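A.B. asks: Mind looking over this structure? Questions follow.
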Amino acid sequence: MVIKVFLASSSGSTAIKKKQQDVVAFLEALKVDYTQLDIACNEANRMWMRQNVPEEKKPANGIPLPPQIFNEESYCGDYDTFFDAKEDNTVYAFLGLPPPPGSKQAHAEQEEQEEADDEREEEDLQSEEEEELRQLEEEEEAEVQEEEEAK
């Protein structure tokens, strides 16, 4: 899976340039495999990006600004959602990628899985105990009935 970051190489906006640099620098720091696609000098990239950003994620004027991030054909989000994921330590989930072994996110997911496994084991034990108790009660009832019939 390749992450696609749509950028504008010749943006007049310093805010857009800083956001683009922030996304690229963070992906490089995480060693995430990504491709930069320029929308300033490639009309096909610009049209693809505009067509594939979901309607509900487009600004009021309908034209999404860079950076826009995709995992192959799947829309991940814009700078604001990327920033939120970065702040929440959920960038890998945001990108639709599995966290690398040893990362905080992988550790948190492992802990969640272990907790779920423990709960399942506890429920299984409880079910087994309930079944054993039911069988004992049935056996006791059968013994009582046998004693009554023997009288």
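The values are calculated or read from the model by the stated rules, or taken from the named source; none is laboratory data. Being a predicted model, the structure only gives us computed values, none of them experimental. Here the Cβ positions follow ideal geometry from the backbone for every residue, glycine too, while neighbour counts run over all protein chains shown. The protein model used for the area step is the full one, side chains on, heavy atoms only, and it has no ligands, DNA or RNA in it. Shrake-Rupley method; radii C 1.70, N 1.55, O 1.52, S 1.80 Å.
A.B. asks: Looking only at segment 1-29, which residues are touching a helix residue (DSSP H, G or I) at 6+ places or on another chain (Cβ under 7 Å), more than 11 Å from Leu65 (Cα to Cα) and in contact (Cβ under 8 Å) with a residue 60 or more places away in the chain? Walk me through how you get there before you give the answer.
C.D. replies: Our first condition is that a residue be touching a helix residue (DSSP H, G or I) at 6+ places or on another chain (Cβ under 7 Å); within segment 1-29, this holds for 3, 5-8, 11, 19, 23, 26.
Next, from what is left, pick out any that are more than 11 Å from Leu65 (Cα to Cα): 3, 5, 23, 26.
If the condition is that a residue be touching a helix residue (DSSP H, G or I) at 6+ places or on another chain (Cβ under 7 Å), more than 11 Å from Leu65 (Cα to Cα) and in contact (Cβ under 8 Å) with a residue 60 or more places away in the chain, then Ile3, Val5, Phe26 are the ones that fit.
A.B. asks: Between residues in segment 41-56 that are in contact (Cβ under 8 Å) with a residue 24 or more places away in the chain and residues that are open to solvent by 70 Å² or more (accessible area, probe 1.4 Å), which pairs lie under 7 Å by C-beta distance while being six or more apart or on different chains?
C.D. replies: Hits for this filter: Cys41/Ser9.
A.B. asks: Quick one: how many residues across segment 102-124 are at pLDDT 80 or above and either closer than 30 Å to Glu87 by Cβ or open to solvent by less than 100 Å² (accessible area, probe 1.4 Å) (or both)? Quick ask: steps written out before the conclusion?
C.D. replies: Within segment 102-124, the first condition is being at pLDDT 80 or above, and the residues that meet it are 115, 117, 119-124.
If we keep only those that are either closer than 30 Å to Glu87 by Cβ or open to solvent by less than 100 Å² (accessible area, probe 1.4 Å) (or both) as well, we get 115, 117, 119, 124.
So the count comes out to 4.
A.B. asks: Among (1) touching a Leu at 6+ places or on another chain (Cβ under 7 Å); (2) surrounded by fewer than 14 Cβ atoms within 10 Å (Cβ to Cβ); (3) of a type in the set (S, T, N, Q), which single condition is Gln135 missing?
C.D. replies: (1)
Quick grid of which residues meet (1) within 16 Å of Leu7 (Cα to Cα); (2) among the hydroxyl-bearing types (Ser, Thr, Tyr):
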residue	(1), (2)
Val32	no, no
Thr35	yes, yes
Cys41	yes, no
Asn45	yes, no
Val53	yes, no
Glu56	no, no
Tyr79	yes, yes
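A.B. asks: Further question: Kindly provide the set of residues from segment 57-91 that are among the aromatic types (Phe, Trp, Tyr), open to solvent by 30 Å² or more (accessible area, probe 1.4 Å) and either farther than 25 Å from Ser10 by Cα or in contact (Cβ under 8 Å) with a residue 60 or more places away in the chain (or both), ordered by number. I'd like the intermediate steps shown before the answer.
C.D. replies: Initially, segment 57-91 is screened for residues among the aromatic types (Phe, Trp, Tyr), giving 70, 75, 79, 82-83.
Retained after the next criterion (residues that are open to solvent by 30 Å² or more (accessible area, probe 1.4 Å)): 75, 79, 83.
Correct list: Tyr79, Phe83.
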